[in-house]
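First, the structure itself, so that you have it in front of you.
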Amino acid sequence: MRWTRLFADLESRLDAERDADLTAEVAERTRIEVGKVALVDRLRAAVGRRVVITTVAGTPYAAQVEAIGPDWLVVVDDWQDERLISLSSVAAIGQLPTAIAAPYDEARRQIAARLDLRHALRGIARDRSAVRVTTIGAVTMSGTIDRVGADFIDLAEHHLDESRRIGKVTSVQTLPIGAFVEAVRLNR
């Protein structure tokens, strides 16, 4: 009888150790998988959802994620203003769902990689939309993006409520894309 209890006790200890090992292994594999998740994949899963973005240049603001690229995102706020934000200038994202978008297949991944921040800025330049641009140093300028180079933009400065006209442009500023935080198209 004592032998039976001893073996039962040893068996239960062995089962507990196996359960603990399995729990530890699952936790470690989970940490490894989470370590492979990129912010852009979390943001792709948040398209259509409301988040709170804080950039290195300013205070937090709430907006809905509209589009995401490899190094940028577009959000729309309550006033329907569109913000093109460089991901490298995001200081924090609040209310970001924990969901992760399914990985792209190889062809889609290659296409997405080409749609970088310069591509998005070229779209704004092509539209000739007036924008308010903010740099990492919290310098804010308004005007129209004239051209987008490999690592810079030229911004023709003028008032947001005016179209880009020769007599209205006060100066042309060349901004390194690395200093770019956001371009805001106002819907007012």
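Read-outs throughout are calculated quantities, based only on the coordinates presented, and are distinct from any laboratory measurement. The model shown is predicted, which means the values in this text are computed figures rather than measured ones. Here the Cβ positions follow ideal geometry from the backbone for every residue, glycine too, while neighbour counts run over all protein chains shown.
Between ALA138 and ALA57, what length in nm is gained on full extension when 0.36 nm per residue of separation is reduced by their alpha carbon distance?
Full-extension gain reported as 28.7 nm.
Right, here's the next one. Determine ³J(HN,Hα), in whole Hz, for all residues of the stretch 108-117 in sequence, where each value follows from phi through the Karplus function 6.51 cos²θ - 1.76 cosθ + 1.60 and θ = phi - 60°; x replaces Gly and Pro.
After applying 6.51 cos²θ - 1.76 cosθ + 1.60, I find 5, 4, 5, 5, 4, 4, 7, 8, 7, 4 Hz.
When the chain is fully extended, how far beyond the present Cα-Cα distance does ALA16 get from TRP79, taking 0.36 nm per residue of separation? Display every interim value, and only then the final one.
Working: separation 63, 0.36 × 63 = 22.68 nm, distance 5.74 nm.
Length difference between fully extended and current span is 16.9 nm.
To continue, here is another question. Among 41-52, 169-180, how do they line up by average Cβ neighbours within 10 Å per residue, starting with the highest? Write down the numbers at each step before the final one.
Numbers: 41-52: 17.1, 169-180: 14.8.
Ranked from most to least packed, the peptides come out as 41-52, 169-180.
For LEU175 and ALA102, what does the FRET efficiency come to when R0 = 25 Å and r is the distance between their Cβ atoms, rounded to the nearest 0.05? Walk me through the numbers before you get to the answer.
Details: r = 35 Å, r/R0 = 1.42.
With a Förster radius of 25 Å, E is 0.10.
Here is a follow-up. What ranking do 141-152, 56-67, 82-93, 100-111 get when scored by the average of other Cβ atoms within 10 Å per residue, highest first? Kindly include the intermediate steps, with their values, before the conclusion.
Values: 141-152: 16.8, 56-67: 15.2, 82-93: 18.3, 100-111: 10.9.
Descending mean neighbour count gives 82-93, 141-152, 56-67, 100-111.
Please work out the FRET efficiency for the pair GLU25 and GLU66, using the Cβ-Cβ distance as r and a Förster radius of 30 Å; give the result to the nearest 0.05.
Values: r = 40 Å, r/R0 = 1.34.
Calculated transfer efficiency: 0.15.
For a protection proxy built on the mean count of beta-carbon atoms within 10 angstrom, sort 129-136, 14-21 highest first, please.
Details: 129-136: 20.0, 14-21: 10.0.
By packing density, highest mean first, the sequence is 129-136, 14-21.
Let me ask something additional. Ignoring everything except DSSP H segments at least 4 long, calculate the 222 nm mean residue ellipticity for the chain; use -39,500 (n - 2.57) per segment, divide by total residues, nearest 500. Walk me through the numbers on the way to the answer.
Values: 4 runs with 60 residues, N = 188.
So the calculated ellipticity at 222 nm is -10500 deg cm²/dmol.
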